[in-house]
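Notes to accompany the following structure.
The values are calculated or read from the model by the stated rules, or taken from the named source; none is laboratory data. As the structure is a computational prediction, the values presented were derived from the model and not from experiment. Glycine also receives a Cβ, built like all others from the backbone with ideal geometry; neighbour counts cover every protein chain displayed. Heads up: the accessible areas ignore ligands, DNA and RNA and are worked out on the full protein's heavy atoms, side chains in. Shrake-Rupley method; radii C 1.70, N 1.55, O 1.52, S 1.80 Å.
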Amino acid sequence: LAWLDGDRAHAKVITPPDTTVSLGPTDFGGRYETSRTLKVVAVDYGCDTSAVATYTWYVKQPSGRILLVDDLGDEGGRSSDSTTDAFYRGGLDLCQQDYSVLDIDKFGGMLSAFNLSKLFSMFDLVIWYNEPDTGPPKAPYVLHVPSAQQDLETYVENGGHLLMASLWAVGSSGALSDSVWPEILGIDSVVVKDNSTSFDCKHWTIQSDVPPGPDSIQVVGLWGGVDCMLPRPEAAPLYYIPPGTANTPRYTQTVPFYLGLLNSWGTGKAALLTFPLSRSDGNGNATAEYCKLVNLLLQ
């Protein structure tokens, strides 16, 4: 049994094999910006009860239409992580968008114990970012997406919009399931992942097809290990490199390679970026590109 603030008469009953109690907006009765206490008691088959376990925490009022998920995982704690945070949070401020933040590191990375579907459903757009401060990172770099991908899939299917920014979400070392996520994201195939400096995206001019018009951006710093994609016919291109850009001793690029795709799936939309947008201000327009993406996904 689990109940809030002494209201045992309205306790939730969790029956095996379920082991997780999930609280949604209706459970809080509109009471936010205050401390709430959850109490849990176990009942055995003979109706004997355990001692009552309690946990008190401060419940914040959800803000804005956007949930920003900070997933820097076990690689967190580096001083340059603040650069990534500042880009994704400060960019939304410049876009004049209110937002809420889920910082997974503050929860100890224990997403397996969460039911995120109720949290996601409170927002029109979930931005999940996991970008390295240097490249290449340890693979797989996205550590917490596997625990949340079922809830993310349900969220998009039911009309939510998702922007995932990660070098390590798809492909041979990807954190997302190959069984369904290429379809959700509109990926026909992942062309190449190469950690060599000859495949360093710093030397690329990345073309943008994000409305309202064509543009180009430039990565600052050395980032190998970038996934290039070929899209399904129904997917919309966001970013690409022209033929010949990614030629290496191992590869000859004869068609455009895509680093960003947007796809409609279910009644929602899902977008993936496979290059470090937060380190792409070589042309001084990375934040403007970010705002264009946000506005596109909120339409």
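Mind listing just one residue for me: the one in the range 1-60 that is loosely packed, with under 12 Cβ neighbours inside 10 Å, of a type in the set (D, E) and more than 30 Å from the chain's Cα centre (by Cα) and, of those, modelled with the highest pLDDT?
Residue satisfying both the conditions and the ranking: D48.
Does A236 satisfy the condition of being more than 18 Å from the chain's Cα centre (by Cα), modelled with pLDDT of 95 or more and under 24 Å from D151 (Cα atoms)?
yes
Every residue, every condition in (1) crowded, with 18+ Cβ neighbours inside 10 Å; (2) in a loop (DSSP other than H, G, I, E, B), yes or no:
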residue: S147; (1), (2): no, no
residue: L163; (1), (2): yes, no
residue: G171; (1), (2): yes, yes
residue: S177; (1), (2): no, yes
residue: S189; (1), (2): no, no
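For (1) open to solvent by 20 Å² or more (accessible area, probe 1.4 Å); (2) hydrophobic (A, V, I, L, M, F, W, C); (3) outside any helix (DSSP H, G or I); (4) within 18 Å of G171 (Cβ to Cβ), each residue gets a yes or a no:
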site	(1), (2), (3), (4)
S216	yes, no, yes, no
G224	no, no, yes, yes
L230	yes, yes, yes, yes
P233	yes, no, yes, no
F275	no, yes, yes, yes
Y290	no, no, no, no
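Is it fair to say V126 is closer than 23 Å to Q253 by Cβ, among the hydrophobic types (A, V, I, L, M, F, W, C), part of a strand (DSSP E or B) and at pLDDT 85 or above?
Criteria not met by V126.
Do you know which residues across the range 241-254 are open to solvent by 60 Å² or more (accessible area, probe 1.4 Å) and without any contact (Cβ under 8 Å) to a residue 40 or more places away in the chain?
Selection gives P243, N247, T252, T254.
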